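Please treat every number below as a calculation from the coordinates, not as lab data. This structure is a prediction, so every number in the text was calculated from the model and none was measured. So basically every Cβ, Gly included, is an ideal-geometry build from the backbone, and we count neighbours across all protein chains shown.
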Amino acid sequence: MSYTMNVLQKAKERNPNEPEFHQAMTEILTTLQPFVDARPEYENAGILERLVEPERILMFRVPWVDDNGKIRVNKGYRVQFNSAIGPYKGGIRFHPSVCLSIIKFLGFEQIFKNSLTGQPIGGGKGGADFDPKGKSDREIMAFCQSFMTELFRHIGSDTDVPAGDIGVGGREVGYMYGQYKRLTNRFEGVFTGKGLTYGGSLARTEATGYGLVYFTDEMLRQHGDSLKDKTAVVSGSGNVAIYATKKAQQLGSKVVALSDSNGYIYDVDGIDLAVVKEIKDVRRGRISEYKNYKPNAVYTEGKGIWNIKCDIALPCATQNELNENDAEALVNNGCIAVCEGANMPSTLEATEVFLRNKILFAPGKAANAGGVATSALEMCQNSMRTSWTFDEVDQKLKGIMVNIYNNVSSAAKEAGHEDNFVVGANIAGFKKIAAAMMAQGAV
Ligand code: GLU
């Protein structure tokens, strides 16, 4: 068996019951196989064995008191996966599905994504199986403070810099940052996605969604096409989905659908973002409420958003939200491009369908890297004790996304898989990490 496949098999055996982590490793290692196996120096340096084993895993109890005075307990995690090219960097996710497998898959993906940004950031991820849905503001604060009361001793602006992810936005980052500052007596850039009054960067909120669309736009442009007059379906209705919709609309696309974990809305007139923002950001409500504002829109409970006919699909909800049948439906409906705003939203089988049918498919680690790239820009501004204008950050973000596209595309071509951006992203991300690890010796 080849070196790469051997490492994959052993890693699966050593980490049983972690299906999402297995899935992420399988995708990355199978596509890296020809590249790595042709270069024995990687095997000699044990690069893959080291890559699949996190440098450090933290798991801790998060006790907090709910509004009825009852003590509740959640599981907290931080996986510090790889620091070869910079401090650990990656978001914190609060969602009931969070478990070690999910944090490890996210952390593993993050290593490659962060490498692709060209910024000096390593890979990490954290979270808790806490469900923010329906919690009062005081309960959210209590939870965030308790979470940070353990995590603070493991992070720092040059060690590990968390940020938001599903269930963690500006409010939660604020509470966690405040508690970090209180415990350490240090005002430092230890978090990104901070509020603008205490060290946050302009355009960070928009960055993942905008970056996704900049990537998509560049990919289409280099294939003689554009987003103009295209119909797009965006899943999710969080931060990524909202700003992907906004930028796609600005570039001339009509976005006809959005979703949440309960169901999806279809608006033939095109999504009205002001309504979505009112529901999600102000009322913290459900997407079904959209039809109360827009009687023309149709709300459907449950799955099915990928059956809507579209040219462009932007999955921006969560992992494994798009399966083989969904992929086939998209292909049959004439979809030309699928770009992932979420982390690993397509199953391995769905990805196969896209590649087989020559759909332009951009994996999340390339297409959604604009968020973390802008986090690196926030770290840079914090270190310089300065702040850039929205336009400055946005221009840098655009440059970074175009660069990622070019690097991924040429790595794919060099590997003999033109337009296979899965292969391209994995090789381009891997090369830099591996070189840094080899230069630093057996650490
Ligand atoms: N959670 C985001 C991601 O998946 C952003 C992480 C960050 O900004 O550190 O990349």
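Here are a few things to note about the model shown:
- Restricting the range 77-171 to trypsin sites (Lys or Arg not before Pro) in coil, as DSSP defines it, with at most 15 other Cβ within 10 Å: LYS133
- Applying 1/(1 + (r/R0)^6) with r as the Cβ-Cβ distance of GLU49 and ASP158 and R0 = 30 angstrom yields a FRET efficiency of 0.65.
- Equivalent ellipsoid of the chain: semi-axes from √(5λ) of the C-alpha gyration tensor, largest first, are 30, 29, 21 Å.
- Here the label points at SER226 and SER387, each 7 Å from Cα along the C-beta direction, are separated by 3.4 nm in the simple model.
- Normalised contact order of the range 260-342, rounded percent, pairs of Cα under 8 Å and 6 or more residues apart: 30
- Estimated from helical segments only, the mean residue ellipticity of the chain at 222 nm is -14500 deg cm²/dmol, where each DSSP H run of four or more residues counts as -39500 (n - 2.57).
- Projecting the Cα atoms of GLY122, ASN406, VAL353 onto the charge dipole of the chain, computed from C-beta unit charges around the Cα centre, puts GLY122 farthest toward the positive end.
- Compactness of the range 1-103, expressed as Rg and Dmax over alpha-carbon positions, Å: 17.4, 61
- Cα-based reach from LYS291 at 16 Å (exclusive), listing aspartates and glutamates while leaving out same-chain residues under 8 positions away: ASP260, ASP267, ASP269, ASP272, GLU278, GLU301
- Screening the chain for whole DSSP H helices with an alpha carbon extent of at least 15 angstrom along the helix axis and a mean Kyte-Doolittle hydropathy of at least -1.0 yields 19-37, 100-116, 137-151, 204-221, 239-250, 370-384, 390-414, 421-439.
- Simple Cβ-charge dipole of the range 83-169, Lys/Arg +1 and Asp/Glu -1, about Cα centre, in debye nearest 20: 100
- Estimated inter-spin distance, MET5 and SER136, nm [label 7 Å along Cα→Cβ]: 5.9
- Length gained when the stretch ASN403-THR26 is fully extended (0.36 nm per residue, less Cα-Cα span): 133.1 nm
- The lysines within cross-link reach of LYS113, meaning a Cα-to-Cα straight distance under 18 Å and a gap of 8 or more places when in the same chain, are LYS89, LYS104, LYS125, LYS365, LYS396, LYS398, LYS431, LYS432.
- Projected onto its three principal axes, the C-alpha set of the range 277-411 covers 48, 44, 21 Å, listed from the longest axis down.
- Its Cα centre serving as origin, the range 341-443 has a Cβ charge dipole (Lys and Arg +1, Asp and Glu -1) of approximately 180 debye.
- Here the range 1-116 is assigned +1 on the Cβ of each Lys and Arg and -1 on the Cβ of each Asp and Glu. Its dipole about the Cα centre then comes out at about 480 debye.
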